[in-house]
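First up is the structure itself, then whatever we jot down about it.
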Amino acid sequence: MLIIGEKLSIIAKRVREAMFARDKAPIQEIAKRQYNEGSRMIDANIGPAEDGGEELMQWMVTTIQEAVAAPVCLDTTNQKAIEAGLKVHNGQWGKPMINSTSNDPERFGILELGAKYDALVIGLTVGKGGLPADAEERCAIAAEIMARAMEYGVPLEDLYLDPLVLQIATSQDHAAHVIKAIKMFQELNDPAMKTVVGLSNISNGAPKALRPIINKYYALLLLNAGLTAAIADAHEIAEVAKTYDVIMGKTLYAHSYLEM
Amino acid sequence: MPFTPPRESYSGKIFEETIGSGPKAITVGGENVLPFHSFEGATPHKPVIAFEVQDVPPEDWPEVVKEVYKGVSGDPVTWAKYCIEKLGAETIALRLVGTHPDRQNFSPDEAAETVRKMLAAIDVPLIILGSQHAEKDSSVLIKCAEAAKGTNSVLGKAQEANHKTIVAAAMANDLKLIAMSELDINLSKQLNILITQMGFDKAKLMTDPMSSALSYGLEYTYSVMERIKLAALAQNDPTLQPPILADVGMMVWKVKETQAPEADMPAWGSLKDRGIAWEAVTAASFLIAGAEVLIMRHPDSINAVKKFIAEMEV
């Protein structure tokens, strides 16, 4: 599973302060730590970034890529900021990823950017009409997004379907709907569609001590359903992915497998 | 419609390792396909066979192989030079069996002196082997590593019980290193991890998953080697991408089939032919399973295996 390191988010106070002060050190330290712990892509979440988003995203992309040899997931609703970030992204370690398009016409511009800059695109299975009720509804939206992606010239192998993980504390039913959706998404194409989740959302609102427990077990269930990628904390999830690979025979067991 | 044979391709690749130095240096590994599958990818280097010589006369070897070296095996350097000059040896494996506490119990300094003399006398790559007494080997191989500093020789074997000192010695003296585990794929991977976690470059390592002889556990070694190769290539597991070494001669020339006289076993045919065939078949099997480096004893079986390699490479 591809772990997209989630720790560089504007929601975190330390990261926000570093972003506003253009202080590279904390950003690079977090990026390096996420990489060393197993992230092979780093999420740069700058929020809505209505003011100065373009310059901020460019600064984030270059700051991260100065520190780690990994592509960046550009995470903002500001499409201009996305395009600015794509312009400076160094593709030598892989394609950038855009978070995200959806079935909302306002988000179709993202597909245009994906095609133009040869980026991976996350397709969040929500439309204008609000949250999907179940796995089937997520699939219907996914099919719409896939059609749209082809129309805009984004190859389906570059599209990562995101079933939208919701908080288990408030939307318990959706936890199982999402697992089912991950399985169903793969059936929508041959070769199977790729999938991604924002993992830690499952435990949002739960007590702090419970969060890693919920995240890890949920990650394991999603992996077993065929999940391709997760925006997650590598520190928490790498052991799940490695253990899953060992259990399923994808990696040969050795006592030190967690350290590899 | 013409038949197109299916082709497998793999994401992993075996490390390309050069042993020895100068014009006679040899490179092994580098392939990204299963053994002899040159029709599917790159197989840049042939497997290499090292002639085994010992620091003491081969009194415990059967007559069939002992008689080949009669007159030269009293001295390791003379023995090695005979292998190189008369038998065409491209690599020498010097087994310091005389350092074993139950044999002559040579000191580490005495062993290092033998290594020094050997290196001064030969120009082909050298594989330096202890007596496989875990405790004694760690002191012997430290001194031998110092004697071989900068020659790009191969030092072995590091086992789980003694790997720390031997790895440090190989690292300090810039040598290649054999890691040997006891016929267990997972422990083999684990030992390679432990060694690389000490800072040893995994591209200087060779994996010896422990050999066996035909009808004495060959199929265990075979499947461990095969599994290592598949993990290295198909799963792109870097901990299992070092070349594989098979220490064949020492396993073969102690089994009943290479020793029982014709008088006792008339149905088994010529003792000499039987022993040579036993070593050649065992060695060829390990090549098919994935070994890149073989240590062997009888020149006739070595020639048979070389012929096999040449025919498989076509």
Calculate the spin-label point distance for B:Asp60 paired with B:Ala234, positioning each point 7 Å from the Cα along the beta-carbon direction, and give it in nanometres.
-> 3.9
Roughly how many debye, to the nearest 20, is the charge dipole of the protein assembly as shown about its Cα centre, given +1 on each Lys and Arg Cβ, -1 on each Asp and Glu Cβ, and no other charges?
-> 620
If one takes the accessible area of chain B alone plus chain A alone and subtracts that of the pair, with a 1.4 Å probe, what total in Å², rounded to the nearest 100, results?
-> 1000
GNM on chain A, Cα springs under 10 Å; top mean-square fluctuation among A:Gly249, A:Gly198, A:Gly53 goes to A:Gly249
Filtered hits (lysines, Cα-Cα < 26 Å from A:Lys7, offset >= 8 within chain) -> A:Lys24, A:Lys32, A:Lys80, A:Lys87, A:Lys95, A:Lys194, A:Lys208, A:Lys216, A:Lys242
Select from B:Ile166, B:Ile195, B:Ile288 the residue whose mean-square fluctuation is largest in a Gaussian network model of chain B (Cα-Cα springs shorter than 10 Å).
-> B:Ile288
Taking 0.36 nm per intervening residue step and subtracting the Cα-Cα distance, what contour gain separates B:Asp102 from B:Ser223 on full extension?
-> 40.3 nm
Rounded, prolate or oblate: which fits the range B:17-313 when a ≥ b ≥ c are the square roots of the eigenvalues of the alpha-carbon gyration tensor, with rounded for a/c under 1.5 and prolate only if a/b beats b/c?
-> rounded
Comparing the chain by itself with all protein chains present, which residues of the range B:223-246 are at least 40 Å² less accessible (probe 1.4 Å)?
-> B:Gln235
Can you tell which of B:Ile228, B:Pro261, B:Met251 lies farthest toward the positive end of the dipole of the range B:185-314, using +1 and -1 charges on the Cβ of basic and acidic side chains (Lys, Arg; Asp, Glu)?
-> B:Ile228
Given charges of +1 on the Cβ of Lys and Arg and -1 on the Cβ of Asp and Glu, with all other atoms neutral, how large is the dipole of the range A:170-260 about its Cα centre, in debye to the nearest 20?
-> 120
Can you give the helix-only mean residue ellipticity at 222 nm for chain A, where every DSSP H stretch with n ≥ 4 adds -39500 (n - 2.57) and the sum goes over all residues, rounded to the nearest 500 deg cm²/dmol?
-> -14500 deg cm²/dmol
So the carbon and sulfur contribution to the accessible area of the protein assembly as shown, 1.4 Å probe, in percent, is 53
Helical contribution to [θ] at 222 nm, DSSP H n ≥ 4, -39,500 (n - 2.57), averaged over chain B, rounded to 500 | -11500 deg cm²/dmol
Burial of 30 Å² or greater, the range A:209-252 residues [accessible area, probe 1.4 Å, versus chain by itself] = A:Leu252
With a Förster distance of 30 angstrom and the Cβ-Cβ distance between A:Leu131 and A:Ala12, calculated FRET efficiency to the nearest 0.05 equals 0.75
Going by a 1.4 Å probe on protein heavy atoms, which residues of the range B:177-198 end up with at least 30 Å² less accessible surface in the whole assembly than in their chain alone?
-> B:Asn186, B:Lys189, B:Gln190, B:Ile193, B:Gln197
Any lysines with Cα under 17 Å of the B:Lys117 Cα? List them, leaving off those in the same chain fewer than 8 positions away.
-> B:Lys81, B:Lys143, B:Lys149
Subtract the Cα-Cα distance of A:Lys208 and A:Ala169 from 0.36 nm times their separation in residues, and report this length gain in nm to one decimal.
-> 12.8 nm
Say the dipole of the protein assembly as shown comes from +1 at the beta carbon of Lys and Arg and -1 at that of Asp and Glu; which of B:Ala172, B:Gly41, A:Leu220 then lies farthest toward its positive end?
-> B:Ala172
In whole Å, what three semi-axes, largest first, describe the equivalent ellipsoid of the protein assembly as shown built from its Cα gyration tensor (square root of 5 times each eigenvalue)?
-> 59, 25, 21
Within chain B, longest stretch clear of exposed chymotrypsin sites (Phe, Trp or Tyr not before Pro) (DSSP loop, no more than 12 other Cβ within 10 Å) = B:40-314
Per residue, how much accessible area does chain B show when a 1.4 Å probe rolls over the protein heavy atoms, in square angstrom?
-> 41
Calculated FRET value between B:Lys164 and B:Lys202, using beta carbons and R₀ = 22 Å, to 0.05 = 0.85
Given 0.36 nm per residue, what is the gain on full extension from B:Glu113 to B:Ile288 after removing their alpha carbon distance, in nm?
-> 59.3 nm
Taking the range B:44-112 and dividing mean pair separation by its residue count, relative contact order in percent (alpha carbons under 8 Å, at least six apart) | 38
Over chain B, relative contact order from alpha-carbon pairs under 8 Å, at least 6 apart, % = 19
Please check chain A for the longest run free of trypsin sites (Lys or Arg not before Pro) that are loop-located per DSSP (anything but H, G, I, E, B) and have at most 16 other Cβ atoms within 10 Å.
-> A:23-127
Relative contact order as a percentage, chain A, C-alpha pairs under 8 Å and 6+ apart, gives 17
Residue-normalised accessible area of chain A, given per residue in Å² at a 1.4 Å probe = 45
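The values are calculated or read from the model by the stated rules, or taken from the named source; none is laboratory data. Here the structure is a predicted model, which means the values were calculated and not measured. Reconstructed Cβ throughout: ideal geometry from the backbone, glycine too, with neighbour counts over all protein chains shown. Protein only, heavy atoms only, side chains kept; ligands, DNA and RNA dropped before computing areas. Shrake-Rupley method; radii C 1.70, N 1.55, O 1.52, S 1.80 Å.
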